[in-house]
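The values are calculated or read from the model by the stated rules, or taken from the named source; none is laboratory data. What you are looking at is a predicted structure, and each value in this text was computed from that prediction instead of being measured. Neighbour counts are summed over all protein chains in view; Cβ atoms, including those assigned to glycine, are modelled from backbone coordinates with ideal geometry. SASA here: full protein model, heavy atoms, side chains in, ligands and nucleic acids out. Shrake-Rupley method; radii C 1.70, N 1.55, O 1.52, S 1.80 Å.
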Amino acid sequence: MSGTAEKKKKDLYRWQKDCLGAWRENRFRGIVQAVTGSGKTKLALEAMDRLIDRFPDVYVRVVVPTLPLADQWKTAMLHHVSSDEYRPGFYGDGVRNDPDRKAMIYIINSARDSLAGHIRRDLALGRHVLLICDECHHYQSPQNRKIFSFLTEEVLEGDQYHCLGLSATPLGTADDKELTHALGRIIFSYDFSSAAREGVVAPFFIGEVSVSFLPDELGSYRDISD
């Protein structure tokens, strides 16, 4: 192992190392629920590295819900990768880079009608694919889960498709089964109390602040709540 690779490995938090082990044991598939600021992006980039070491032909597809998140991912990947081969392309907000790149970042609104076809082609060409779904709880709706339409039982049973779902929001809707079918079960959960105890997030306190409604405000509040 090179000095750089060894340093990156040492830089991981314990929860990230444990999570990567769980992901490997689950056939490189699964959903991770971890609090904001705990290092989900770094976890995903380390997962990408480990999969590339195992399958040098892997194509990485990252899906995000918004343009600011796409920009954050682009910056993170550019700082992380050491080879131009995995400099990410972009698909969304009017930009359509060549999806034949080995790393692509998609905004969900553009991915709905394109990503599945791109991955279907990757698989048909015998490539391994890593699909990273950031804020994956956004992809449960009938429109957004079109990105998973490439999935067949043959793909799920094979060894070319790998995935990682990331979210700080616990699942808990009737559509959870659609997401876990596409991305795998929840393989790791990391909550605020654990992150604070281990010094992963900055110290914080919770305080309750209450205000009184005016009569018309209270009526509006009740209407909205109903």
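Of all the numbered requirements in (1) exposed (fewer than 14 other Cβ atoms within 10 Å of the Cβ); (2) modelled with pLDDT of 95 or more, R120 misses one, and that requirement is (1). Among residues of the stretch 88-111 that are within 20 Å of A47 (Cβ to Cβ), those with a Cβ under 6 angstrom from a residue that is part of a loop (DSSP other than H, G, I, E, B) and open to solvent by 60 Å² or more (accessible area, probe 1.4 Å), sequence gap 6+ or separate chain, pair up as G89/R101. Here's a check for you: in the stretch 123-153, which residue that is in contact with a Pro (Cβ under 9 Å, 6 or more places away or on another chain) and over 23 Å from R50 (Cβ atoms) is most open to solvent (accessible area, probe 1.4 Å)? Filtering the stretch 123-153 for residues that are in contact with a Pro (Cβ under 9 Å, 6 or more places away or on another chain) and over 23 Å from R50 (Cβ atoms), the one most open to solvent (accessible area, probe 1.4 Å) comes out as H138. If you go through the stretch 74-94 and keep only what is surrounded by 16 or more Cβ atoms within 10 Å (Cβ to Cβ) and closer than 24 Å to R121 by Cα, you end up with K74, M77, Y86, P88, G89, F90, Y91, G92. Listed by first and then second residue, the pairs with beta-carbon distance under 8 Å, at least 6 apart or on different chains, first residue in the stretch 205-226 and at positive phi, second open to solvent by less than 100 Å² (accessible area, probe 1.4 Å) and not in a loop (DSSP other than H, G, I, E, B), form an empty list. Scanning the stretch 32-80 for residues that are closer than 16 Å to Y161 by Cα and assigned to a helix (DSSP H, G or I) returns A44, A47, M48, D49, R50, L51, I52, D53, R54.
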